[in-house]
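A quick write-up on the structure given underneath.
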Amino acid sequence: MSVSTGPEIYYDPYDAGIDADPYPVWRRLRDETPLYYNEKFDFYALSRFADVDPALADWATYRSGKGSVLELIKADIELPPGLILFEDPPVHEVHRSLLIRVFTPRKMNALEGKVREFCRRSLDPLVGSGGFDFIRDLGAQMPMRTIGYLLGIPEADQEGLREKIDESLRLDDDSPDGPAPTDLALAAVNELFSEYLDWRREHPSDDLMTELLTAEFEDETGTTRRLSREEVLTYVNLLAGAGNETTSRLIGWTGKVLAEHPEQRRELVRDRSLIPGAIEELLRYEAPSPVQARLVARDVTHHGQAVPEGSAILLLNGSANRDERQFADADSFDIHRRIPRHLSFGYGPHFCLGASLARLEARVALDEVLNRFPEWTVDVANARQARTSTVRGWERLPVLVP
């Protein structure tokens, strides 16, 4: 099998037309060119579950240390320590261990009441209005509020932070050179958290900022120490950016997909015990973060073709989730599907730390929506898809209710 570079199949993560519905292209990649090469942007791509799944776990071959975003890898810049999305073991294990304490069952259980109360405050005034927006009225608000509860950021300031993070992620055009790395959220919002961190240093509390400021740990050199101010800011930026954007997209897809499958939505209205399984199927069916980039650390071979050391490669987990070799009738949405494992949260050492939090937020949001709005249809004329190179979903998703 040869690697395709011709016009008969074309994929790149910056193409707005493809991003609007990538599944036909991804299906052709899986069937015809499971190892794909894009000459324009000089990257390879794997699209089948059987290839993407082990590659996500094989950090020694597919490295994140130069970034897990294609434009970062191509920029070849030095990334600050603490961005665990862009690190490899052993330093990744040290930094990840500091954040694991944030996502304990106790802390997640403590958040559910606050998340549900926020949903109620947001949705109650909309009852009888004839409609609402899954993003503007819920998805854009709730994840930042939840991360804000963890971080200890005043609720009044959380929305402004969310808007700045979203703006720094957005792609405004399809520039042939791709987006500038300086537009990435993790580099753009660092200064916004400084004053909160300084205040929390003087006023410790039961929140993440206090834990990061006071935690003692053994770093990769064997030294026992505390995090520097710059390192704490890096962690805070990471959590705020990663936790906000993808969960917002998941909530948007919940509104879109369940509008398109009204009978399954009505099942959920009647039986709320089906909601956790429905969230897993939503994650499989419409992965909020469907593209993961890696740098190839050694020569490898896929489907009879070599991928040279130093190459950029995209692991298309969104495509793998729709691979009919792994999931029967994979392009169909089914809340009763038994899913041993999907790849929407990744796999291996970079499995999403916030997976349980995202599931909690989506579950609570859907439950509270169904309590008030058991029926809705998408206002297609006013819906707008977001444009980023790595996260896929909706910027506006207004719906009409009876």
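Shown here: segment 206-276, whose C-alpha atoms stretch 58, 24, 22 Å along the first, second and third principal axes, sorted largest to smallest.
With springs only between Cα atoms under 10 Å, which of ILE100, ILE18, ILE84 fluctuates most in a Gaussian network model of the chain? Ranking ILE100, ILE18, ILE84 by mean-square fluctuation puts ILE100 first. For segment 251-386, the mean projected area of the C-alpha convex hull, equal to one quarter of the hull surface, is 10.2 nm². For the chain, a Gaussian network of Cα nodes joined below 10 Å ranks PHE373, PHE49, PHE217 by mean-square fluctuation, and the top entry is PHE217. Segment 328-402 and segment 53-96 have their alpha-carbon centroids 26 Å apart. The chain gives an Rg/Rh value of 0.96, both radii derived from C-alpha positions and Rh following Kirkwood.
When LEU208, LEU126, LEU46 are arranged by Cβ crowding within 10 Å, least crowded first, meaning fewest neighbours, the order is LEU126, LEU208, LEU46.
Length available on full extension from GLU93 to ASP367: 0.36 nm per residue minus the Cα-Cα distance, which gives 95.1 nm.
Computed extension length for ILE9-GLU324: 111.5 nm, one decimal, from 0.36 nm per residue of separation with the Cα-Cα distance subtracted.
The phi-based Karplus calculation (6.51 cos²θ - 1.76 cosθ + 1.60; θ = phi - 60°) puts the 3J(HN,Hα) values of segment 317-329 at 5, x, 5, 4, 5, 10, 7, 5, 6, 10, 10, 5, 6 Hz, whole numbers, x for Gly and Pro.
Result for the chain in a Gaussian network model with C-alpha springs under 10 Å: among PRO143, PRO125, PRO54, the largest mean-square fluctuation is at PRO125. Between the beta carbons of ILE339 and ALA20, assuming R0 = 22 Å, the FRET efficiency works out to 0.30 to the nearest 0.05. If R0 is 41 Å, what FRET efficiency do you get for GLU155 and ASP42 from their C-beta distance, rounded to 0.05? Efficiency computed from Cβ-Cβ geometry: 0.40. Which of rounded, prolate or oblate describes segment 17-151 when judged by the alpha-carbon gyration tensor and an a/c cut-off of 1.5? Oblate, since a/c reaches 1.5 and b/c is not below a/b. On the basis of the beta-carbon distance and an R0 of 25 Å, THR223 and ALA355 show a calculated FRET efficiency of 0.20.
Since every read-out is calculated from the coordinates, none of them should be taken as a lab result. Remember, predicted model here, so these are calculated numbers, not experimental data. Please note: Cβ atoms are built from the backbone with ideal geometry, for glycine as well, and neighbour counts cover all protein chains shown.
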